[in-house]
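Participant: The structure under discussion is supplied below as structure tokens; questions concerning it will follow.
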Amino acid sequence: MNSIAARRFFRWVAGLFAIPRDNPVLTIAQYEAFSKQVPLMYAILLTNMVALAFTHAAVAPSWLVYYLPGLMGGVSLLRTFSWLKSRHTKVEAAEAYRKLRATNIVVGPITVAFTAWALLLLPYGDAFQRSHVVFFMAITVIGCIFCLMHLRSAALAVTVIVNVPLLVTMLMTGEPTFIAMGINVILVTIAMIAILMTHYRDFRGLNESRQALLDQQQALNDRNAAIQALSDENLRLANLDSLTVLQNRRSFFLSLEDRFASARSAGEPLAIGIVDLDGFKPVNDMYGHAAGDKVLVEIAARLERLAARRQPDGRLAIFRMGGDEFGLVLSRPEWACEAIAIGHEICDAICEPINIGSGSVQVTGSIGFAIYPDVGTDGQTLYERADYALYTAKRNHRAGVVVFNAEQADELSRQRIVEDAMAAADLKRELSLVYQPIVHAATGRCVAFEALARWDSPVIGKVSPGEFVPVAEHTGRIGMITRLLLEQALETAKAWPRSVRLSFNLSAHDLVSAEGMLRIVAIVEASGMDPSRIVFEITETAVMQDFEQARASVEMLRRMGCGIALDDFGTGYSSLHHIHKLPLTKIKIDGSFVRDIQRQKTSYNIVKSLLALCADMGLNTVVEGVETSGELAVLRGLGAELVQGYYFSRPLPAAAAIDFIAVSESGACRLQA
Ligand code: C2E
Ligand code: CA
Ligand code: CA
């Protein structure tokens, strides 16, 4: 055998006697299995020893049958107790290794002691007693190998320490029976060792595959935990508004369904609120988006604080619905009064000035509420009704709180009826225009006609534009309706003298749609009508929706040569800032001021100052809604230039409009009458 092979062989032998420590889990498993069998092994040792001492008590010296066995028995008992005590304690791999190694070391002297003791007894007694010694050694070594099968090193050590001296001693006796017994023991133990090696390998393999499985399971668990954490985070982000960190629209509807279901099953009320800011768009337009963001973040924080202070029990939850709209869900409100009180607190919180860095701005809020079970039989309806209440709040009382009530329910159901009829209507056939003259206040000469839409539905009868225009805006049909009517109006206006203009109303939606605007321009161009004969009427509310886009639209129409009139002036924002920034040509002073002009000094003063203001700014004016000669007289006194109203004429069909022009030209207009 060369030196490398010899070295390999010794390494292999050393490996057999060593305790593996590269696999901590195996070491622990080995220790646990082994520790259960150790007390059993000592029990075998003690029983066999007592039996051998007993059969030799009469023939061997006392130190061999009493004192030495007593000492060995004592040591064995101590070891047994120590193993029994630690049987149920869980150990770490290092501790298990330490204990196994200690056993590996202790096994040597103990085996030597027992072997030497047995061999010392061999010379005493007759053949039976001497055979008992061999039997003792054989049975004990087999028992021990069995008990030590999880500690291969110790089992091998015991085998070698017992078998070598046994065989040598047997051979030395020269007794054929002893020699046969010795050889027999060796052969049996070799077989036992072979079994032990296989068992040990299987034990190791089993442990390794169990470990691999556990590792796989752990990796799977780790991955699942990571996936779960990721999906939790995604869900959290999907439900949060990134700017204000409030829960978002998606979260609002989830929460609404949840809370609605609990409210219904518990028979408790539930309030849904929608908050919309008034005056947010101008902040965005004037100070930029960063300032707009600051406003939204600040208002979100105020609403959150208010919710935490007023409802620390989490009954009130705040959401950002998108844009400048917020949502609230209030569980178990003390009916409408609590919702209204919260609504007012929210309005107060919103209208506090907000610092945007370069100064401070102020916005206000409108809130619509719907309360279950007063209205709404499901979450979605409740939301729609809160939204309608908000629409009412914005329409009627800017910066107010409105709770959806029976009156609005009627309005809403009427709106639905109009919506349904419109969806089924042949609008080209059913829509028409009437024309109301705009006359020169001093001369009564007709200078223009305002085209006003009429819808005669075969299903629901005549519907006023005040009713169907908002529905058409809501359902996205307004663009198509505007184009249809504009084509009609231009066709009609062609028959008028060149001095008579056409005034045409545009909806807010027309004004903020760039694409819609281009199509309007195309229609004007295609009509062949001189654009300077066309005046488009726009409202301030429309301008406020998206100032920049509205300005771009107005500028486009102006570049074509069309006039632009600001309609219903005095009823909306009446912001000089906007009038100043838009290239307007005309202002239409709302009829509501004319109504009281003779009785109310304030109305008189308002009209007077509006007229003076427009004159200063070089803008033409039309005073709307003139119904009596008294009103006209006052307006003429104030120097009003153009007027419009039932006093001169109600809106007329196209043919009657032509007649009106003829009459006004002939001086037979009511003015002169
Ligand atoms: P508006 O543009 O302010 O139109 C004036 C409204 O006042 C008309 O109502 C007209 O009939 C009415 N009116 C005229 N003179 C008097 C008067 O002396 N006293 C009173 N009490 N009322 C008078 P109408 O036709 O019902 O239209 C209502 C609103 O519908 C219009 O208000 C306008 O905003 C909108 N509208 C009408 N036609 C169209 C259209 O073709 N397109 C769009 N987008 N909106 C339209
Ligand atoms: Ca108008
Ligand atoms: Ca008007």
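Participant: For segment 88-122, how many residues are open to solvent by 40 Å² or more (accessible area, probe 1.4 Å) and over 24 Å from LEU156 (Cα atoms)?
Facilitator: 4
Participant: On the given criteria, is VAL188 part of a helix (DSSP H, G or I) and surrounded by fewer than 17 Cβ atoms within 10 Å (Cβ to Cβ)?
Facilitator: It is true that VAL188 is part of a helix (DSSP H, G or I) and surrounded by fewer than 17 Cβ atoms within 10 Å (Cβ to Cβ).
Participant: Still on this structure, I have one more. Can you find even one residue in segment 540-556 that is surrounded by 21 or more Cβ atoms within 10 Å (Cβ to Cβ), in contact with a Gly (Cβ under 8 Å, 6 or more places away or on another chain) and in the same structural domain as ALA472 (by TED's automatic domain parsing)?
Facilitator: Yes, that holds for at least one residue.
Participant: Just to check your reading of the model, which residue among LEU45, LEU68, LEU77 is touching a Ser or Thr at 6+ places or on another chain (Cβ under 8 Å) and at pLDDT 90 or above?
Facilitator: Numbers: LEU68 fails: touching a Ser or Thr at 6+ places or on another chain (Cβ under 8 Å); LEU77 fails: touching a Ser or Thr at 6+ places or on another chain (Cβ under 8 Å).
Only one candidate passes the filter, namely LEU45.
Participant: Could you check segment 52-89 and list, in sequence order, the residues that are part of a helix (DSSP H, G or I), hydrophobic (A, V, I, L, M, F, W, C) and out of contact with any helix residue (DSSP H, G or I) (no Cβ under 7 Å at 6 or more places or on another chain)?
Facilitator: PHE54, TRP63, LEU71, VAL75, LEU77, LEU78, PHE81 - these are the residues of segment 52-89 that are part of a helix (DSSP H, G or I), hydrophobic (A, V, I, L, M, F, W, C) and out of contact with any helix residue (DSSP H, G or I) (no Cβ under 7 Å at 6 or more places or on another chain).
Participant: Here is a further query. Based on this model, can you work out whether ILE661 counts as away from ligand 1 (no atom under 16 Å from the Cβ), touching a residue at least 60 places away in the same chain (Cβ under 8 Å) and in a helix (DSSP H, G or I)? Don't jump to the end; show me each part of the working.
Facilitator: Numbers: away from ligand 1 (no atom under 16 Å from the Cβ): yes; touching a residue at least 60 places away in the same chain (Cβ under 8 Å): yes; in a helix (DSSP H, G or I): yes.
It is true that ILE661 is away from ligand 1 (no atom under 16 Å from the Cβ), touching a residue at least 60 places away in the same chain (Cβ under 8 Å) and in a helix (DSSP H, G or I).
Participant: Kindly provide the set of residues from segment 498-519 that are outside any loop (DSSP other than H, G, I, E, B), within 11 Å of ligand 1 (Cβ to nearest atom) and not aromatic (Phe, Trp, Tyr), ordered by number.
Facilitator: Selection gives SER503, ASN505, ALA508, HIS509, ASP510, LEU511.
Participant: Considering only segment 638-646, I want to know if a residue exists there that is at negative phi, open to solvent by 10 Å² or more (accessible area, probe 1.4 Å), within 15 Å of ligand 3 (Cβ to nearest atom) and of a type outside the set (A, V, I, L, M, F, W, C).
Facilitator: Within segment 638-646 (the criterion being at negative phi, open to solvent by 10 Å² or more (accessible area, probe 1.4 Å), within 15 Å of ligand 3 (Cβ to nearest atom) and of a type outside the set (A, V, I, L, M, F, W, C)), the answer is yes, since at least one residue qualifies.
Participant: While we're here: I'm trying to understand the selection: among the residues of segment 435-456, which are within 16 Å of ligand 3 (Cβ to nearest atom) and over 52 Å from the mean Cα position of the chain (by Cα)?
Facilitator: TYR435, GLN436, PRO437, ILE438, VAL439, ALA448, PHE449
Here's the yes/no breakdown for (1) within 14 Å of ligand 3 (Cβ to nearest atom); (2) modelled with pLDDT of 90 or more; (3) hydroxyl-bearing (Ser, Thr, Tyr):
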site	(1), (2), (3)
GLU515	no, yes, no
ARG551	no, yes, no
ASP590	yes, yes, no
ASP596	no, no, no
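Participant: For ALA522, are the conditions met, namely being open to solvent by 20 Å² or more (accessible area, probe 1.4 Å), assigned by TED's automatic domain parsing to the domain that holds VAL634 and either assigned to a loop (DSSP other than H, G, I, E, B) or away from ligand 3 (no atom under 13 Å from the Cβ) (or both)?
Facilitator: The answer is yes for ALA522.
Participant: Looking only at segment 525-539, filter to residues that are closer than 22 Å to TRP496 by Cβ and among the polar types (S, T, N, Q); which one of those is surrounded by the most Cβ atoms within 10 Å (Cβ to Cβ)?
Facilitator: SER527
Participant: Go through the residues of segment 588-601 one by one and say whether even a single one is within 16 Å of ligand 2 (Cβ to nearest atom) and surrounded by fewer than 19 Cβ atoms within 10 Å (Cβ to Cβ).
Facilitator: yes
Participant: All but one of (1) touching a strand residue (DSSP E or B) at 6+ places or on another chain (Cβ under 8 Å); (2) at pLDDT below 95 hold for PHE504; which doesn't?
Facilitator: Exception for PHE504: condition (2).
Participant: Exactly one condition in (1) farther than 30 Å from ARG320 by Cβ; (2) in contact (Cβ under 8 Å) with a residue 60 or more places away in the chain; (3) open to solvent by 60 Å² or more (accessible area, probe 1.4 Å) is not met by LEU206; state its number.
Facilitator: Exception for LEU206: condition (2).
Participant: Given the conditions (1) assigned to a loop (DSSP other than H, G, I, E, B); (2) exposed (fewer than 13 other Cβ atoms within 10 Å of the Cβ); (3) not hydroxyl-bearing (Ser, Thr, Tyr), report the number of the one that GLU268 does not fulfil.
Facilitator: (2)
Participant: Any idea how many residues of segment 69-87 are without any contact (Cβ under 8 Å) to a residue 12 or more places away in the chain and either among the charged types (D, E, K, R) or open to solvent by 70 Å² or more (accessible area, probe 1.4 Å) (or both)?
Facilitator: Summing the residues that are without any contact (Cβ under 8 Å) to a residue 12 or more places away in the chain and either among the charged types (D, E, K, R) or open to solvent by 70 Å² or more (accessible area, probe 1.4 Å) (or both) in segment 69-87 gives 4.
Participant: Among the residues that make up segment 559-569, is at least one of them surrounded by 15 or more Cβ atoms within 10 Å (Cβ to Cβ), in a loop (DSSP other than H, G, I, E, B), in contact (Cβ under 8 Å) with a residue 24 or more places away in the chain and more than 44 Å from the chain's Cα centre (by Cα)?
Facilitator: There is at least one residue in segment 559-569 that is surrounded by 15 or more Cβ atoms within 10 Å (Cβ to Cβ), in a loop (DSSP other than H, G, I, E, B), in contact (Cβ under 8 Å) with a residue 24 or more places away in the chain and more than 44 Å from the chain's Cα centre (by Cα).
The values are calculated or read from the model by the stated rules, or taken from the named source; none is laboratory data. Fair warning: this is a prediction, and the values are worked out from it, not measured in the lab. Please note: Cβ atoms are built from the backbone with ideal geometry, for glycine as well, and neighbour counts cover all protein chains shown. Side chains included, ligands, DNA and RNA excluded: accessible areas come from the protein's heavy atoms. Shrake-Rupley method; radii C 1.70, N 1.55, O 1.52, S 1.80 Å.
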